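Let me begin by presenting the structure, written as structure tokens, before commenting on it.
The values are calculated or read from the model by the stated rules, or taken from the named source; none is laboratory data. Since we're looking at a predicted model, the values are computed, not measured. Heads up, the Cβs are rebuilt from the backbone with ideal geometry, glycines too, and the neighbour counts pull from every protein chain shown.
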Amino acid sequence: MNRTNILILIASIAVFALMHNADFYESLYRQTRLYEDYQLDELLNAFFVAAPALALALALRARSLSQEVRQREKAEATASRLANYDALTGLANRRLFHTEIVRRLAEAEATGTELNVLLVDLDRFKVINDLYGHDTGDSLLRTISARIRSAIRSTDLAARIGGDEFAILSDAPTVERAHLSLLRRLLSSIQEPIYAGEYQLGTTVSIGVASYPKDGKTAEDLLRQADQALYQAKAAGKNRYALFDDKLARAMHDRRTLEEDLRAALSPDRGEIVPYFQPILDLPSREVRQFEVMARWNHPQRGLIKAAQFAGVAEDIGMSDQLYRTILQQSCACALHWGQSISVNVSPAQFSDKQLVPKTLQILAETGFPPHRLELEISETALVQDFAQARRVIQGLRKVGIQVALDDFGTGYSGLRHLHALTVDRIKIDRSFVELTRTQMDIKIIVSAMIALGHSLGMTVTAEGIENDGEEAWLTEQGCDMGQGFLFSHPLQGTDAGRIAAQGRVDAAALDAGAPVLMPPPADQPTNASHASDDTADAPGVTSADGPPDMPPGRSCDMRPDIPADDMGPDDTGPYDMGPDDMGPDDMGPDKNGAEENGPDKNGPDDTGPGDPAGVTPTVLSRNLPSLPASTSSATMSPAPMALPITAPHAGQGPSGAMVGQASLNPPRHSPVKRSGT
């Protein structure tokens, strides 16, 4: 009871006492009789009728006001819920999560406790959303949210902070405890099948973890570090967690520096990105018929950087188109007066550009390079991502005379239907197959079938990664048309490639030892001039070290000719490298779980780093895992499209040194994707 009601009660009691002492009603009766003419009794009756009516009206008004107050409180609660909670899943939203993380960080600082931030991202959600529709996608999100809510503790906070991204605040005493409990529960529960209407769906999650105070002391720092750890979990193959650590911090710094340097390097006036050329020979005659273009970055501080280390970065920061233009323009200008054609790689993302043909023709017109001497290589992934678009682009390229080659044949998802429907000019057998022909008879059978298939469809067949005379002899015996690899030549600067183009042959042994040495063709073999196109047959031969005749004296095709060709390692075929020797993990996006990542038998003489090319048979993928409990084991993975079960969660090293844990799951199939390239 408030003060006002107490005062009203006291006043009422006082009035009642006064009326009682004064015999109020007897006095009132005498007054009504004494002054009958005033009609006091009728006025009194009106008062007694009006008083209850007024009291009733006040009661009804009070009830109405009470209802209005409740409705306002309900509306405020709804507004607060909409402002702080996700309408679809019922979890906290980004606003409430940020407010809560700031509050809990203050508590953790005051009490000296630890706070863990987990970012959880669904794998393949976009694919499911596109295939089954948004209603199914919403149902999937609600189910995942319910499983997250059931997996966390009552003191933890779960939030949906993006379309398919969730965040969790956990005050577990130690990170180790979070690994053994919360992370395990999350990974194991979400991998269970999900039923959405008539569909049975399967998805996984990748988790990035950052801890206070070890990894950061502000909400922004922790979220940024957890996001970087999440990126590493995806890059390591998805369906796992990654912990932010010092190695990852250094990798982040290196990545930011690389992005900034690459933006500057692609400026028109810098000239740091240059093409290198690897000869492609006619196997029966060993005559040079073509050159494959491989991008190199002459970094002012780091020296020569291979495309596998920066091609993916260029695509991530939206500069793959500029990189493609830069390499194509320089390559066409450098090879203008050669008799041979050049081959330039195009990534799936680049190949989906509807302006690819006009952009390419514009560069050809600017440099004067004939279209029929240009070949663009596409990966099998480009076909399966958007077959209709790939078909239109290929038709557009062939219509103007540009040839098309299917690169890394046998490692992707294209089938006989694709080869039959598309009119490509050449298939290139991936170097992983060529390498395995040394020891595996079944691979020899597969390669022989590839060669026969290509010939039956009217295509030229090129083998990549030829490294010894035995491989060359066997491929020649099988009828393979052309080949490339370190047996013949490393990637060369434009000046050296120009010499070889003029002579038409190369001494592979001399190239391995040092600078290229020209060797005359046999008397019964014509020189390369006989194979030159009409537009270049009368041009002067490229025999000067200073480059093609149309360049000023003293200037060569190379921006920095002092860099030796032998600096090229075998792991140099990224999408911008265009050779069989460059499939490194830096070429792969975070969701690249295809055969490119799990190649067996990578112990050859040219396998110098993590960029070793892919194999085609299942193998155990080692991540330098620590010892595990008896109930756990390391994971085995196989090349796409097969999906082998992964066992219990464990931890290992991610691509950039981050600790990575893996869940038990049959991972979804992913297409091997090459980054964009030239």
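Scanning the stretch 373-389 for residues that are more than 20 Å from A463 (Cβ to Cβ) and either buried (at least 23 other Cβ atoms within 10 Å of the Cβ) or of a type in the set (S, T, N, Q) (or both) turns up R373, L374, T381, A382, L383, Q385, Q389. Those strands (runs of 3 or more DSSP E) of the stretch 138-236 in which 1 or more residues are polar (S, T, N, Q) occupy 165-170, 199-201, 204-212. Search the stretch 225-239 for residues being under 29 Å from H134 (Cα atoms) and at pLDDT 90 or above, and hand back the single one that is farthest from the chain's Cα centre (by Cα). Step by step, filter the stretch 225-239, then rank; the result is A226. Screening A210 against (1) closer than 21 Å to L141 by Cα; (2) in contact (Cβ under 8 Å) with a residue 24 or more places away in the chain leaves a single unmet condition, (1).
Taking the stretch 373-413 as the range and being assigned to a helix (DSSP H, G or I) and charged (D, E, K, R) as the test, the residues that pass are R373, E380, R391, R392, R398, K399.
Looking across the stretch 180-205, the residues that are hydroxyl-bearing (S, T, Y) and closer than 17 Å to S145 by Cβ come down to S188, S189, Y195, T203, T204.
Name the helices (runs of 4 or more DSSP H) wholly inside the stretch 244-351 in which the number of residues that are out of contact with any helix residue (DSSP H, G or I) (no Cβ under 7 Å at 6 or more places or on another chain) and under 20 Å from E366 (Cα atoms) is 1 or more.
Numbers: elements: 246-265, 311-316, 320-334, 348-351.
Where helices (runs of 4 or more DSSP H) fall fully within the stretch 244-351 and carry at least 1 residues being out of contact with any helix residue (DSSP H, G or I) (no Cβ under 7 Å at 6 or more places or on another chain) and under 20 Å from E366 (Cα atoms), they are 320-334.
Just one of (1) within 22 Å of S320 (Cα to Cα); (2) in contact with a Phe, Trp or Tyr (Cβ under 8 Å, 6 or more places away or on another chain) fails for Y276. It is (2). Criterion applied to R142, R185, R160, R147 was being at pLDDT below 90 and in the same structural domain as A108 (by TED's automatic domain parsing), and the one residue passing it is R185.
One residue alone among S188, S145, S139, S170 is surrounded by 15 or more Cβ atoms within 10 Å (Cβ to Cβ) and in contact (Cβ under 8 Å) with a residue 60 or more places away in the chain, and that residue is S188. Candidates in the stretch 391-410 are the residues that are among the hydrophobic types (A, V, I, L, M, F, W, C) and out of contact with any strand residue (DSSP E or B) (no Cβ under 8 Å at 6 or more places or on another chain); of these, the one that is farthest from Q350 (Cα to Cα) is V400.
Among the residues of the stretch 70-90, the ones that are free of Cβ contacts under 8 Å to residues at least 40 places away in the same chain and either in contact with a Gly (Cβ under 7 Å, 6 or more places away or on another chain) or surrounded by 13 or more Cβ atoms within 10 Å (Cβ to Cβ) (or both) come to 3 in all. Sub-6 Å Cβ pairs linking a first residue in the stretch 91-116 that is closer than 18 Å to R153 by Cβ to a second residue that is surrounded by 18 or more Cβ atoms within 10 Å (Cβ to Cβ) and charged (D, E, K, R), at least 6 apart or interchain, are L91/R160; L115/R104; L115/D171, ordered by first then second residue. Residues that are basic (K, R) and out of contact with any strand residue (DSSP E or B) (no Cβ under 6 Å at 6 or more places or on another chain) were ranked within the stretch 261-300; the one that is nearest to E467 (Cα to Cα) is R286.
Among the residues of the stretch 361-372, is there at least one that is exposed (fewer than 15 other Cβ atoms within 10 Å of the Cβ), part of a helix (DSSP H, G or I) and touching a strand residue (DSSP E or B) at 6+ places or on another chain (Cβ under 8 Å)? Yes, there is a match, as at least one residue in the stretch 361-372 is exposed (fewer than 15 other Cβ atoms within 10 Å of the Cβ), part of a helix (DSSP H, G or I) and touching a strand residue (DSSP E or B) at 6+ places or on another chain (Cβ under 8 Å). Does L281 meet the test of being buried (at least 24 other Cβ atoms within 10 Å of the Cβ), in the same structural domain as N345 (by TED's automatic domain parsing) and over 14 Å from L118 (Cβ atoms)? Here the answer is yes, as L281 does meet what is asked.
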